[in-house]
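K.L.:
Here it is, the structure, as C-alpha cells.
The values are calculated or read from the model by the stated rules, or taken from the named source; none is laboratory data. Predicted model only: the values in this text are computed from it and were never measured. Using ideal geometry, Cβ is built from the backbone for each residue, glycine included, and neighbour counts are taken over all protein chains shown. The area values use the complete protein model at the heavy-atom level, side chains included, leaving out ligands, DNA and RNA. Shrake-Rupley method; radii C 1.70, N 1.55, O 1.52, S 1.80 Å.
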Amino acid sequence: MKAHAACPYVIVKLSRAWHPGTCPARGRELHVKSDAIKLGPENASHRLLYHALGWTDEEIKRPLVGIVSSYNEIVPGHMNIDKIVEAVKMGVAMAGGMPVVFPAIAVCDGIAMGHIGMKYSLVTRDLIADSTEAMAIAHGFDALVMVPNCDKNVPGLLMAAARLDLPTTFVSGGPMLAGHIDGHKTSLSSMFEAVGAYTAGKIDEERLHEWECKACPTCGSCSGMYTANSMNCLTEAIGMGLRGNGTIPAVYSRRLELAKHAGMAVMDMLERGITARQIMTREAFMNAMTVDMALGCSTNTMLHLPAIAHECGVELNLDIANRISERTPNLCHLAPAGPTYMEDLDEAGGVYAVMAELTKRGLLDTGCMTVTGHTVGENLADVVNENPDVIRTAENPFSETGGIAVLRGNLAPDGSVVKRSAVAPGMLVHEGPARVFDCEEDAQAAINAGKINSGDVIVIRYEGPKGGPGMREMLTPTASIQGMGLGESVALITDGRFSGATRGACVGHISPEAASGGAIGIIEEGDTVSIDIPDNSIELKISQEEYDARMVAFVPKTKKLTGYLRRYAKLVGSGANGAVLD
C-alpha cells in the first residue's frame with residue numbers, strides 16, 4: 001500500500017495494542033530489549049523509577065523508543081527542534097511505543113567561525129556519538145529516533161546509530177528559508193562575503209547592517225548546500241531518513257507531519273526487525289557518495305561519510321570518492337555554487353528526484369533497504385523531477401563529473417579535497433606564489449590588510465585534526481577573498497577544512513597535515529604551488545632534491561593543550577580517513 005502523494009513517507013498501521021512479548025499487528029512474538037530490565041519481580045526496582053517519572057503500567061509495558069533531541073537556544077537550526085520532537089513523540093505513541101526524550105549537544109558553526117570556538121566544532125561529533133551510545137545502552141532502549149540538524153550533529157548521531165544497531169530513523173529540524181535583499185535570494189555565505197565587501201570599502205556600514213538583518217530570516221539550517229543540509233540530504237540517500245528529511249523547510253508544517261511519520265516508521269522497523277546496520281551497508285554508502293557528487297555537497301561529507309562507514313565496518317577512502325565522482329554527473333548548483341536554495345530543491349522534488357535522475361544511468365543500487373521498510377527502487381517509483389532548471393536531468397548535467405574532487409601530489413600524498421562545482425572555470429587550473437601562514441588568524445589579518453595579491457596561493461597550516469586541533473573551517477578567509485573581488489584570482493589551501501558555504505579554488509583536508517609531518521609544513525613564502533583540479537593534482541614546484549632535504553629537516557611545531565582538545569589531539573587520526581578517533 002502506497003502513501004498519498006502529498007505525504008509520501010511511510011504507511012504504518014495505527015491499530016496496535018502493544019503487550020510484552022507479542023505483536024498483535026503482525027501476529028508474531030516480539031521480544032524487545034527493554035523487557036529484560038522491565039519485566040518480572042527482579043526488575044521491580046527499575047519499575048519503581050519509571051513510576052517515579054509518572055509512567056503508568058501500560059506505558060512501562062510498551063517498547064521504549066529513545067528520541068534524541070538536539071534542541072537548544074543558541075543554534076538557529078535547532079531552536080524549532082522542540083516542536084519536531086513533540087511531533088515524533090506523537091507518532092511513536094500513535095504506533096504503540098513509549099517515547100522517551102534525551103538530549104544531544106550541537107555547536108553552531110556560523111557562530112563558532114573565525115575564533116577559537118571553531119576548534120570545538122568537529123570534536124563534538126565524537127562527543128555526540130559517545131554520549132548517545134552511553135544513554136541508549138544504559139537505559140535499554142528498543143529503538144531510536146534521532147532529531148539533529150546542524151553540521152556535526154547529524155554525522156555524530158549517524159555514528160551512534162551505527163554503533164548501537166537498533167531500529168533507528170532520522171528527522172532533522174529542516175533547512176532555513178533563503179533571505180531576500182534587492183529582489184535576490186541570500187544566505188549565510190552571502191553575509192560572510194558582505195563582510196569582505198565592507199572590509200574592501202565596497203559597501204558601507206548601513207548596507208552591512210541590512211545584510212545581517214535579512215540574510216538568514218528564519219530558523220533552520222542555513223539555506224544553501226552547506227554541511228548541515230548536505231548531511232541531512234544524505235540521510236535520505238543512505239536510507240536512514242524519510243523522503244523530504246533533507247529539504248522540507250523548517251517552518252513548513254509538512255515537517256511536523258514528517259516527524260510524526262518518522263515516529264511511526266521506527267515502530268514499523270521494530271516490528272520488522274530492521275536495524276541501522278542493515279540499512280547502512282557498503283552499497284548504501286556508495287549510493288550516498290553518488291548522490292553527494294550529484295548534489296554538489298559540502299567537502300565536509302568527505303570527513304563524515306568515512307567516519308560513519310568506519311562505525312559500520314565499511315571502509316571508504318578518498319580513492320573511492322574520485323572513482324564515483326568520475327562517473328557521476330553534477331545535477332545541482334545550490335548556493336554557494338549557484339543561485340538556487342534548499343527550498344528550490346524541495347519544490348523540484350527533493351533528494352528523491354535527484355536519485356531518480358541517477359537511476360537513468362544505473363548509478364544507484366536500488367535494492368538497498370531503507371527506513372520506509374521498502375527498497376530504494378520501491379521508494380523511487382513514480383518520483384518526478386519537477387524542475388529541470390534546479391535539478392538538471394541526467395541527459396543535461398552541469399558537468400559529467402561530480403561536485404567534489406580529490407587531489408593528490410607531493411603536497412598531499414594522502415589526498416586533499418575541493419568542491420569542484422563551486423570553483424570558477426578560470427581557477428580550475430591555477431599556479432601561483434605561496435603566501436604562508438601558520439594559523440587562520442594570521443591569514444585573515446593579511447587579507448584584511450590588503451596584503452594578498454591576485455594570483456597568490458594562500459597556505460594555512462597547523463589547522464588539521466591534530467594541529468589545530470579540531471580542523472577548523474575557513475569560511476571567514478574564503479568569504480573575505482570573495483567579498484574583496486579576489487575569488488577568481490586567488491587560491492587557498494589548508495590542512496584544515498572549509499564550510500559548505502565556501503566557494504572558490506579552496507583545497508582542504510591536505511594530508512598528511514603539518515602537525516603530522518606533512519609536506520604542507522615545508523612550504524616557504526614565495527614557493528610556487530600548482531593546483532590542477534581536472535587532473536586531480538596539487539604540487540609544490542621545487543626540485544625533488546630540495547623537497548627531500550626540506551622533509552628530512554622538518555620538525556613540526558607543537559602547541560600546549562589542555563582539557564578535551566588535549567585528549568582529542570592525542571587520539572584523532574588523519575583527515576584523509578575521516579578524522580576518526582583511534
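K.L.:
With every protein chain present, what is the per residue accessible area of the chain (1.4 Å probe, Å²)?
P.N.:
36 Å²
K.L.:
OK, next. Considering only protein heavy atoms and a probe of 1.4 Å, how much of the accessible area of the chain is carbon and sulfur, as a whole percent?
P.N.:
The nonpolar share, carbon plus sulfur, comes to 54 percent.
K.L.:
Also, quick follow-up: Select from segment 544-578 those chymotrypsin sites (Phe, Trp or Tyr not before Pro) which occupy a DSSP coil region and have at most 15 other Cβ atoms within 10 Å, ordered by residue number.
P.N.:
When the chymotrypsin sites (Phe, Trp or Tyr not before Pro) of segment 544-578 are filtered for loop state and at most 15 Cβ neighbours within 10 Å, Phe554 remain.
K.L.:
Taking the Cα centre of segment 112-219 as the origin, how large is its charge dipole in debye, to the nearest 20, when only Lys and Arg (+1) and Asp and Glu (-1) carry charge on their Cβ atoms?
P.N.:
Using Cβ point charges on Lys, Arg, Asp and Glu, segment 112-219 gives about 140 debye.
K.L.:
Right, another one. Say each of His139 and Ile74 gets a label point 7 Å from the Cα, pointing the same way as Cα to Cβ; how far apart are those two points in nm?
P.N.:
Calculated label separation equals 2.2 nm.
K.L.:
A further question follows. Extending each Cα 7 Å along its Cβ direction at Glu206 and Asn410, get the distance between those two points in nm, one decimal.
P.N.:
5.5 nm
K.L.:
Work out the FRET efficiency for Asp438 and Asp535 from their Cβ-Cβ distance, taking R0 = 45 Å, and round it to the nearest 0.05.
P.N.:
0.95
K.L.:
Taking the alpha-carbon set of segment 433-582, what are its Rg and Dmax in Å?
P.N.:
Looking at segment 433-582, its Cα Rg and Dmax stand at 15.0, 42 Å.
K.L.:
Please identify every one of the trypsin sites (Lys or Arg not before Pro) in segment 183-258 that sits in a loop by DSSP and has no more than 15 other beta carbons within 10 Å of its own beta carbon.
P.N.:
Hits after loop and neighbour filter: Lys202.
K.L.:
Projected area of segment 327-374, taken from the Cα convex hull and averaged over every viewing direction, in nm²?
P.N.:
In nm², the orientation-averaged hull projection of segment 327-374 is 4.3.
K.L.:
Same structure again: Report the local net charge at Gly496: Lys and Arg +1, Asp and Glu -1, summed over other residues whose C-beta lies under 11 Å from its C-beta.
P.N.:
Net charge in that neighbourhood comes out at -1.
K.L.:
Taking θ = phi - 60°, what integer Hz values does the Karplus form 6.51 cos²θ - 1.76 cosθ + 1.60 yield along segment 284-301, in sequence order, with x for Gly and Pro?
P.N.:
Per residue, the Karplus-derived 3J(HN,Hα) values read 5, 5, 5, 4, 4, 5, 5, 5, 3, 5, 5, 6, x, 6, 4, 4, 5, 4 Hz.
K.L.:
Would you mind checking which residues have amide H under 5 Å from Thr401's amide H? H placed 1.01 Å from N; only 5 or more apart, or other chain.
P.N.:
Those lying under 5 Å, H to H, from Thr401 are Asn330.
K.L.:
What FRET efficiency, computed as 1/(1 + (r/R0)^6) with R0 = 56 Å and r the Cβ-Cβ distance, is obtained for Leu571 and Asp182, rounded to the nearest 0.05?
P.N.:
0.70
K.L.:
Sequence gap at least 6, Cα distance under 8 Å: using those rules, report the relative contact order of segment 188-345 to the nearest whole percent.
P.N.:
26 percent
K.L.:
Per residue of segment 146-160, what does 6.51 cos²θ - 1.76 cosθ + 1.60 with θ = phi - 60° give for ³J(HN,Hα)? Whole Hz please, x for Gly and Pro, Karplus curve as stated.
P.N.:
Ordered by residue, 3J(HN,Hα) equals 8, 10, x, 7, 9, 3, 8, 5, 5, x, x, 6, 5, 5, 5 Hz.
K.L.:
Summing -39500 (n - 2.57) over the DSSP H runs of n ≥ 4 in the chain and dividing by its residue number, what mean residue ellipticity at 222 nm do you reach, to the nearest 500 deg cm²/dmol?
P.N.:
For the chain, the value works out to -10500 deg cm²/dmol.
K.L.:
For the chain, what does the convex hull of the Cα positions come to per residue, in cubic angstrom?
P.N.:
144 Å³
K.L.:
Straight-line reach only, C-alpha to C-alpha below 19 angstrom: list the lysines that Lys560 could link to, leaving out same-chain residues fewer than 8 apart.
P.N.:
Lys119, Lys466, Lys570
K.L.:
Quick one: net charge around Gly455, please, counting Lys, Arg +1 and Asp, Glu -1 for every other residue with C-beta under 15 Å from its C-beta.
P.N.:
Result for the local shell: -2.
K.L.:
Hey, can you grab everything whose amide H is under 5 Å from the amide H of Ser221? Only 5+ residues off in sequence or another chain; H modelled, so Pro and N-termini drop out.
P.N.:
Those lying under 5 Å, H to H, from Ser221 are Gly174, Met176.
K.L.:
Right, another one. Multiplying the sequence separation of Glu326 and Ala445 by 0.36 nm and subtracting their Cα-Cα distance, what value in nm do you get?
P.N.:
39.1 nm
K.L.:
Once phi is turned into ³J(HN,Hα) by the Karplus curve 6.51 cos²θ - 1.76 cosθ + 1.60 with θ = phi - 60°, what whole-Hz value does each residue of segment 541-546 show in order, with x for glycine and proline?
P.N.:
Whole-Hz 3J(HN,Hα) from phi for segment 541-546: 8, 10, 5, 5, 5, 5.
K.L.:
What are the extents of the Cα atoms of segment 66-162 along their three principal axes, in Å, largest first?
P.N.:
Between the extreme Cα coordinates on each principal axis of segment 66-162 lie 47, 26, 16 Å.
K.L.:
A further question on this structure: What is the local net charge at Ala262, summed over the other residues whose Cβ is closer than 15 Å to its Cβ (Lys, Arg +1; Asp, Glu -1)?
P.N.:
Summing Lys/Arg as +1 and Asp/Glu as -1 gives +2.
K.L.:
Run the paramagnetic zone check for Asp319: 7 angstrom along Cα to Cβ, then residues of segment 247-291 with backbone nitrogen under 16 Å.
P.N.:
none
K.L.:
Shifting gears a bit: Does segment 198-357 come out rounded, prolate or oblate by the C-alpha gyration tensor, with a ≥ b ≥ c the root eigenvalues, rounded set by a/c under 1.5 and, if not, prolate when a/b is larger than b/c and oblate if not?
P.N.:
Since a/c reaches 1.5 but b/c is at least a/b, the shape of segment 198-357 is classed as oblate.
K.L.:
Sequence-distant or interchain residues sharing an amide H contact under 5 Å with Arg408, placed H: which?
P.N.:
Residues meeting the amide H criterion: Ser537, Ile538.
K.L.:
Which whole number of Å³ per residue matches the convex hull of the alpha-carbon atoms in segment 533-576?
P.N.:
126 Å³
K.L.:
With label points built 7 Å along Cα→Cβ from the Cα atoms of Val384 and Glu431, find their separation and express it in nm.
P.N.:
About 5.2 nm, to one decimal.
K.L.:
OK, next. Would you work out which of Pro63, Thr218, Ile274 lies farthest towards the positive end of the dipole of the chain, given +1 charges on the beta-carbon of Lys and Arg and -1 on that of Asp and Glu, about the Cα centre?
P.N.:
My answer, from the dipole projection, is Pro63.
K.L.:
Which value, in Å² rounded to 10, gives the accessible area of Val314 with a 1.4 Å probe and all protein chains present?
P.N.:
20 Å²
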